[in-house]
Structures are given as C-alpha cells and as structure tokens.
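Everything on this sheet refers to the single structure shown next.
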Amino acid sequence: MKLRTFLKKFYKNKNLLISVSALLVVSLIAITYASAAFSSGSFNFTPTTSDSIDQTSEGTETIDTTSLASQDVINTESTESSAIPAVAIVSSQESIVPPLEQFPDGSKVCYLTFDDGPSSVSTPQILEVLSRYNAKATFFVVGTGKLEYLKTIADQGHTIGLHTDSHVYANIYSSYEAYIADLEAISNKVYDHTGIRSTIIRFPGGSSNISSLYKGKCPGLMTRLTVDVEANGYRYFDWSVSTGDADQKLAPPETIMENVKKFSNNKSQICVLMHDTNAKSTTVEALPAVIEYLASQGFEFRALTMDSPVFHHEKLNN
C-alpha cells in the first residue's frame with residue numbers, strides 16, 4: 001500500500017517527473033559515449049606523476065625570448081638559416097658548454113684577440129701581419145664596423161667573436177633585455193655576412209665591468225649574464241694580458257711591448273687584449289714585435305674556440 005501511494009504521488013508531481021526523466025536521458029547518453037570511446041581506443045589516460053612532468057632545476061627562472069641559439073661551435077655553416085634564430089637566454093645554474101681543451105705539460109699557447117673591429121685600415125694590416133707569421137687570432141666584432149671584412153677574417157681561419165652590436169655601454173648594460181637584444185643583433189649580422197653562428201662572446205669592458213651599477217641602473221646584471229650565456233651554449237672570454245693600447249689615445253709601440261712582456265711572464269696560456277680600430281695605428285705597428293717576442297718565449301698562436309681555456313677576470317662581477 002505504501003509503494004502504491006508513493007507512485008500515485010510521484011506521477012501527480014510533474015516537476016519531479018520531468019527532472020527524473022531528464023536525468024535518465026543524460027545518463028544514457030553518457031554511457032553510450034563512454035562505451036564508444038573505449039571501444040575505439042580514443043581514451044588516453046596519463047597519470048600526473050613526477051616522471052611525466054617537465055621539471056626545471058630548483059630556483060631557476062625562464063626568460064621568454066623569440067629566438068633560439070642552436071649551435072655549440074663556431075665557424076660552422078648552416079644550410080637552413082631561417083630555421084636557426086640567433087639568441088635565446090634561459091637562466092640556469094649549470095653550463096652546457098663543452099669541456100675545456102687540455103694541453104700537454106710545458107706547452108705554451110697565446111690567443112691574440114682584437115676588439116671593436118673590423119676597421120677599414122687596421123683590419124687588412126692586422127690580417128697581413130697574422131698571415132706573414134702564420135698566426136691565428138680572434139676578432140671580437142661590433143655591428144658598426146666594416147662588416148664586409150668578416151668573411152675574409154673567417155676565410156683566413158680566424159675566429160669571429162661577438163662583442164655586441166652598438167658597443168654603447170649606457171645602452172647595452174641598461175637592462176638584461178637590452179644586452180640580449182644587442183647580442184642578437186650582432187649575431188645576426190655576423191651570420192648574414194659569413195653563414196656562421198658564433199658562440200664566442202666578449203663583454204665590452206670585460207665581465208668585471210661595473211657599468212650596470214652606474215646610478216643603480218641594473219645591479220647584479222653581469223653576474224646574471226655570465227651565468228646565463230654559458231648556460232645557453234655560449235662561452236665568454238676576458239683577457240689575461242692587456243697591451244694597454246686603449247689606456248691612452250695612442251699608446252707608443254714600446255709601451256704595448258712592455259705590457260706584453262710584463263703580463264705574459266711565467267704564464268703558459270695567455271689571452272692578449274688589443275684593439276682593431278683605425279685610431280689604434282700603433283697596435284698594428286707593434287704587432288710584429290709582439291708576435292716575434294712571444295714566439296721566442298715558446299708560444300704558439302691559436303684562435304679561440306669553444307673548448308679553449310677560459311680567461312675570466314678574478315674580480316667579482318656585480
């Protein structure tokens with residue numbers, strides 16, 4: 001009797017009847033769809049365990065940029081330039097650059113480096129001297145130089161390094177993004193003229209410069225950059241021997257030679273800082289004597305590569 005009374009009340013309650021009917025229809029549709037999905041194999045369930053999640057190292061930050069550095073070595077031509085954007089910097093604590101070259105005991109190697117070129121007058125003269133002594137060198141170039149000489153430099157077996165596009169300290173060290181944009185600009189110019197994606201870098205002023213601290217603009221910038229560029233397959237080089245050719249408007253050749261002797265003494269691997277600009281005529285004038293002296297001390301002359309010994313300033317970055 002109770003069940004019959006309940007059913008009479010149920011059929012008289014139209015709202016309840018409609019709700020239950022709708023629920024039954026929805027349930028039937030869901031059951032039908034699930035059955036079809038399982039039978040067709042379209043269900044794909046992946047458990048969200050730690051093994052299936054892309055994880056980054058603790059404390060890292062990803063910087064979103066529009067392009068990607070794709071090569072680990074320099075002086076390598078690419079056949080698909082459009083597929084190789086120039087620069088991407090992702091913060092990391094671990095370097096992905098290759099291990100350093102090991103030299104036999106007693107061997108002495110000199111890396112001659114020339115900043116701020118190419119230049120219309122000095123570059124051809126420097127190349128002639130290097131060719132005469134069969135010496136290889138590294139040219140850290142800027143985007144405002146005579147870029148038509150880039151291919152000649154590369155074709156003669158020298159390394160092309162990136163020294164920034166503008167070389168204007170107030171701009172390139174104004175922010176992290178400003179430096180990366182400038183680096184990308186010079187990378188693209190070098191590639192356009194040579195087909196080479198260089199991964200060799202020299203910071204204007206070296207890694208220990210304090211330009212980013214001027215008026216508190218960007219404290220900590222150099223510390224961050226020195227870590228991040230190497231975490232992305234670049235290698236930066238400072239120097240261990242300064243010729244002093246930039247310390248005054250026109251350094252006498254004798255002063256350049258004295259500095260080379262002083263700072264190369266008792267060293268087996270050295271990286272020599274010089275400048276390739278038309279205003280530095282005495283650098284070119286002193287170059288033969290520099291090469292002859294270092295050769296007499298047992299040095300051989302090589303261009304920097306990704307596995308060359310690193311030359312980093314001991315002074316703390318900012």
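General remarks:
- Residue match in the range 207-219 (condition: touching a strand residue (DSSP E or B) at 6+ places or on another chain (Cβ under 9 Å), at negative phi and surrounded by 17 or more Cβ atoms within 10 Å (Cβ to Cβ)): yes
- The condition of being farther than 20 Å from PRO288 by Cα, at pLDDT 95 or above, in contact with a strand residue (DSSP E or B) (Cβ under 9 Å, 6 or more places away or on another chain) and surrounded by fewer than 19 Cβ atoms within 10 Å (Cβ to Cβ) holds for LYS146.
- In the range 214-225, the residues that are within 14 Å of TYR179 (Cα to Cα) and assigned to a helix (DSSP H, G or I): LEU221, MET222, THR223, ARG224, LEU225
- Tally of residues being part of a helix (DSSP H, G or I) and among the hydrophobic types (A, V, I, L, M, F, W, C) across the range 282-311: 8
- Hits in the range 120-143 - residues which are touching a Ser or Thr at 6+ places or on another chain (Cβ under 7 Å) and over 24 Å from ILE270 (Cβ atoms): GLY143
- Scanning the range 173-187 for residues that are touching a Lys or Arg at 6+ places or on another chain (Cβ under 9 Å) and surrounded by fewer than 24 Cβ atoms within 10 Å (Cβ to Cβ) yields SER174, SER175, TYR176.
- Residue identified as within 21 Å of the chain's Cα centre (by Cα) and either surrounded by 14 or more Cβ atoms within 10 Å (Cβ to Cβ) or in contact (Cβ under 8 Å) with a residue 12 or more places away in the chain (or both) among PHE263, PHE203: PHE203
- Entry remark, the range 118-129: residues being closer than 19 Å to ARG302 by Cβ and touching a residue at least 40 places away in the same chain (Cβ under 8 Å) number 2 in total.
- Pairs, first free of Cβ contacts under 8 Å to residues at least 12 places away in the same chain in the range 166-177, second charged (D, E, K, R) and surrounded by 15 or more Cβ atoms within 10 Å (Cβ to Cβ), C-beta under 9 Å, six or more apart: VAL168/ASP182; ASN171/ASP182
- Members of the range 173-200 that are over 23 Å from TYR149 (Cβ atoms), part of a loop (DSSP other than H, G, I, E, B) and of a type in the set (Gly, Ala, Ser): SER174, SER175
- Enumeration of residues in the range 277-318 that are among the β-branched types (Val, Ile, Thr) and over 29 Å from VAL121 (Cα atoms): VAL310
- Boolean, ALA170 is surrounded by fewer than 22 Cβ atoms within 10 Å (Cβ to Cβ), among the hydrophobic types (A, V, I, L, M, F, W, C), modelled with pLDDT under 95 and part of a helix (DSSP H, G or I): yes
- Considered as a group, the residues in the range 235-249 that are part of a loop (DSSP other than H, G, I, E, B) and modelled with pLDDT of 95 or more include one that is nearest to LYS267 (Cα to Cα), and that residue is SER240.
The values are calculated or read from the model by the stated rules, or taken from the named source; none is laboratory data. What you see is a predicted model; the values in this text were computed from it and never measured. Using ideal geometry, Cβ is built from the backbone for each residue, glycine included, and neighbour counts are taken over all protein chains shown.
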